[in-house]
1. Looking only at the range 218-234, decide whether some residue is in contact with a Lys or Arg (Cβ under 7 Å, 6 or more places away or on another chain), within 17 Å of Phe175 (Cβ to Cβ) and touching a residue at least 60 places away in the same chain (Cβ under 8 Å).
2. Tell me which residues, restricted to the range 223-246, are surrounded by fewer than 17 Cβ atoms within 10 Å (Cβ to Cβ), farther than 16 Å from Ala267 by Cα and touching a strand residue (DSSP E or B) at 6+ places or on another chain (Cβ under 7 Å).
3. List every residue pair whose Cβ atoms lie under 8 Å apart, where the two residues are 6 or more positions apart in sequence or sit on different chains, the first residue falls within the range 238-267 and is farther than 20 Å from Asn289 by Cα, and the second residue, located anywhere, is of a type in the set (Gly, Ala, Ser) and loosely packed, with under 15 Cβ neighbours inside 10 Å.
4. Which residue pairs have Cβ atoms under 7 Å apart, sit 6 or more places apart or on different chains, and have a first residue in the range 148-173 that is under 22 Å from Leu199 (Cα atoms) and a second that is β-branched (Val, Ile, Thr)?
5. Go through (1) at pLDDT 95 or above; (2) touching a strand residue (DSSP E or B) at 6+ places or on another chain (Cβ under 8 Å); (3) surrounded by 23 or more Cβ atoms within 10 Å (Cβ to Cβ) one by one and return the number of the condition Lys145 breaks.
6. Given the structure, is Leu136 part of a helix (DSSP H, G or I), touching a residue at least 24 places away in the same chain (Cβ under 8 Å) and touching a helix residue (DSSP H, G or I) at 6+ places or on another chain (Cβ under 6 Å)?
7. Conditions: (1) charged (D, E, K, R); (2) over 16 Å from the mean Cα position of the chain (by Cα); (3) more than 24 Å from Tyr111 (Cα to Cα). Lys193 meets all but one. Number of the miss?
Amino acid sequence: MDKMIIRLAIAVTCLVLIAAIVSVAVMVIRNIKSVDVTPSAEAMASVSETEVMSSETVTEETTYVFDIEDVTDAPTVTTVPTETDENGETASSRTVITSRQRKEYDQNSVYIDMESVLQNPELPVGCEITALTIYLRYLGFDADKVDLAKNYLPKGGNAQYKDDLLYKDSFFDYFIGDPFSRGYGCFSNAIVKAANSYLDDHGGGYDVINISGSHPDVLYDYLAEGIPVICWATDGMIEPEYYESWYDNATGEKLDWYLNEHCFVLAGFNMSADLVTLNDPMKGIIDYNINKFETRYEQMYSQAIVILKSEDTAEDETSETATAETETAEETENGLEEYPSDTEE
């Protein structure tokens with residue numbers, strides 16, 4: 001019996017020793033891996049631009065390359081489901097009308113018909129450039145969202161560390177990341193640049209006006225004049241959630257990025273029903289409570305853009321109209337002279 005107990009004790013001791021050795025080995029391996037894959041801030045700062053790891057975007061039509069460091073920590077794509085009422089009807093059940101005609105229902109309600117263009121599947125994080133596509137198509141241009149995202153949207157990132165602080169380009173001026181795969185997004189200055197560049201290549205005739213900082217009433221005033229507005233709020237009008245901060249490469253200003261940033265074309269309002277109508281690149285034509293929209297609009301830095309006919313174009317059209325009317329009047333007068341009435345002697 002004593003020998004058996006001794007043998008059991010020896011066996012247990014051996015098992016404990018083996019377990020301890022295995023545990024130490026695992027810890028060593030993990031530490032080695034951690035050192036291999038987690039560079040320090042100083043090491044990241046010392047890496048040259050040519051040495052930064054890059055990756056081709058997932059869309060074959062897209063040829064540009066972005067820095068993987070710019071989007072490594074970017075939020076994943078999330079879509080807020082469309083709200084339904086007690087009868088199960090969705091808020092986006094409205095028929096999408098593409099007649100491009102302005103309709104006024106009464107003095108407190110305006111709706112501007114326009115084509116609905118959805119960002120998916122090509123642009124999972126490209127709501128801003130898709131909203132510009134909607135607007136340009138409303139103006140009569142044959143704009144394509146993929147072409148705009150690939151060739152006109154200014155993209156940035158340039159992540160780097162300075163004194164242990166993260167610096168990147170500003171999301172006000174550049175789209176941070178890649179609209180075809182993963183990224184943060186952008187605000188009005190970037191879309192103004194894209195719009196001006198596109199218009200320069202396609203005949204111009206319009207002025208892109210950044211009205212960011214405007215009170216919501218200014219947006220409604222434009223709608224009352226038959227002018228839609230590109231604006232920013234949140235997907236589904238949910239509360240924005242702080243996600244990440246960095247410092248602007250150009251100015252050193254601290255920038256705070258919030259989740260669920262989303263861009264739309266404001267197409268109408270109904271003051272009596274407390275509703276705004278948005279052409280949503282994610283959901284189509286959809287109504288939201290006007291007070292909730294105004295709150296989210298202000299939380300997203302009150303960003304807004306309109307595109308107006310340039311003064312020269314408007315003057316040319318007025319001149320052409322006047323000339324046509326004059327020619328019509330002269331033709332009518334000449335016709336009367338050539339064909340006198342039957343009562344004339």
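1. Of the residues in the range 218-234, the ones in contact with a Lys or Arg (Cβ under 7 Å, 6 or more places away or on another chain) are 226, 233-234.
Add one more test, that the residue is within 17 Å of Phe175 (Cβ to Cβ), and what stays is none.
There is no residue in the range 218-234 that is in contact with a Lys or Arg (Cβ under 7 Å, 6 or more places away or on another chain), within 17 Å of Phe175 (Cβ to Cβ) and touching a residue at least 60 places away in the same chain (Cβ under 8 Å).
2. Listed by number, the residues that qualify are Glu241, Tyr242, Tyr243, Glu244, Ser245.
3. Between residues of the range 238-267 that are farther than 20 Å from Asn289 by Cα and residues that are of a type in the set (Gly, Ala, Ser) and loosely packed, with under 15 Cβ neighbours inside 10 Å, the close pairs are Lys254/Ser245; Leu255/Ser245; Asp256/Ser245; Trp257/Ser245.
4. Close Cβ pairs (under 7 Å, with a partner that is β-branched (Val, Ile, Thr)) amount to Leu148/Ile129; Leu148/Thr133; Ala149/Ile129; Lys150/Thr62; Leu153/Ile129; Gly156/Ile176.
5. Lys145 satisfies all of (1) at pLDDT 95 or above; (2) touching a strand residue (DSSP E or B) at 6+ places or on another chain (Cβ under 8 Å); (3) surrounded by 23 or more Cβ atoms within 10 Å (Cβ to Cβ) except (2).
6. no
7. For Lys193, the failing item is (2).
Conditions (1) under 22 Å from Val117 (Cβ atoms); (2) touching a helix residue (DSSP H, G or I) at 6+ places or on another chain (Cβ under 9 Å); (3) not in a strand (DSSP E or B), marked per residue:
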residue: Gly213; (1), (2), (3): no, no, yes
residue: Cys231; (1), (2), (3): yes, yes, no
residue: Glu239; (1), (2), (3): no, yes, yes
residue: Glu244; (1), (2), (3): no, no, no
residue: Thr251; (1), (2), (3): no, no, yes
residue: Leu255; (1), (2), (3): no, no, no
residue: Ala273; (1), (2), (3): no, yes, yes
residue: Ile286; (1), (2), (3): yes, no, no
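The values are calculated or read from the model by the stated rules, or taken from the named source; none is laboratory data. Keep in mind that this is a model prediction, so the values were computed, not measured. Ideal geometry is used to build each Cβ from the backbone, glycine not excepted, and the neighbour counts take in all protein chains shown.
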